[in-house]
Structures are given as C-alpha cells and as structure tokens.
Amino acid sequence: MKLGYTILYVRDAEASLVFFEKAFGLPRRFYHESGYGEIDTGSTALGFASHELGASNLPHGYVRADESPLPLGMEIALVTDDVSGAYKQALDAGAVALKEPTQKPWGQIVAYVRCPDGLLVELCSPVV
C-alpha cells in the first residue's frame, strides 16, 4: 500500500489548479471538464474535485473548507528551501496569511496560509 494522491473538494477545481500553479509554482498534471484535475507534486499527486463531484462520491455530505470560518483540522505541507519567498508568492497570488514564517525548536522554518478555496497550506523547510 502507498499513498497515491490526495483529493481536495473545492468550489471550482480548475480555479484551484490555477491558484496552485501561480501561488506555489506547481505544474498542472491534467484537468477534465467533469470537475477533476491534478497538480504534479512529485511521487504523490494533489487532486482537486468539484463539490458536485464530491457530492456524488459522498452522498451524506462533508465539511466544505470554503464554508468553514476556520481552517479544517488538516493541512497540505509543501517543502521548500525558501519559505519566506514562497509565503510572499502565495500571498501575492491571493492566499490569506495565517502565520508568518517562524523557526521551530528543531530548526525547521514554517509558515501557514489559507487558499481562496479554504484549504490550509503549510510552507516549510526540509526537516534536517
């Protein structure tokens, strides 16, 4: 068993792809007009599916990140050598600042932003 991909349910899958391309410089793997697309993040893809597609998969519903006043209790962590630069680029692309880059006791630099689709993203340096 291995983690193949993570799928996030969003209002507009294509808009989320565009945001992740601009905010984080991640290339699009593909998009299908059914409301599903993926960003290439390495060995594990990051997928975005429309809420309509999500409703067909989960007929009893789920918590929509874009309707929650607080971020959901989960995050996407993107590793970079330039957390401050990535943080600024994300804000310039429309992310909401949640926590500026700070150093953890173990030396890692970490920052948090919330995407326009409500998703929580951690920008962090590699753990050494």
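The values are calculated or read from the model by the stated rules, or taken from the named source; none is laboratory data. It should be emphasised that the depicted structure is a prediction, and the values quoted were computed from it without experimental measurement. Glycine also receives a Cβ, built like all others from the backbone with ideal geometry; neighbour counts cover every protein chain displayed. Remember, those area values only see protein heavy atoms, side chains included, never the ligands or the DNA or RNA. Shrake-Rupley method; radii C 1.70, N 1.55, O 1.52, S 1.80 Å.
List of remarks:
- Complete set of residues in the range 29-48 that are of a type outside the set (S, T, N, Q) and either under 20 Å from ALA77 (Cβ atoms) or outside any strand (DSSP E or B) (or both): ARG29, GLU33, GLY35, GLU38, ILE39, ASP40, GLY42, ALA45, LEU46, GLY47, PHE48
- Test: residue in the range 55-67 that is more than 14 Å from the chain's Cα centre (by Cα) and over 30 Å from MET1 (Cα atoms): yes
- Within the option set ALA97, ALA77, ALA93, being surrounded by fewer than 17 Cβ atoms within 10 Å (Cβ to Cβ), within 23 Å of LYS22 (Cα to Cα) and in contact (Cβ under 8 Å) with a residue 24 or more places away in the chain holds for one residue only, ALA77.
- In the set TYR36, TYR87, only one residue is of a type in the set (Phe, Trp, Tyr), modelled with pLDDT of 95 or more, open to solvent by less than 70 Å² (accessible area, probe 1.4 Å) and over 18 Å from TYR5 (Cβ atoms); that residue is TYR87.
- Residues considered: LEU53, LEU72, LEU46, LEU17. Of these, the only one that is under 16 Å from CYS124 (Cβ atoms) and open to solvent by less than 60 Å² (accessible area, probe 1.4 Å) is LEU46.
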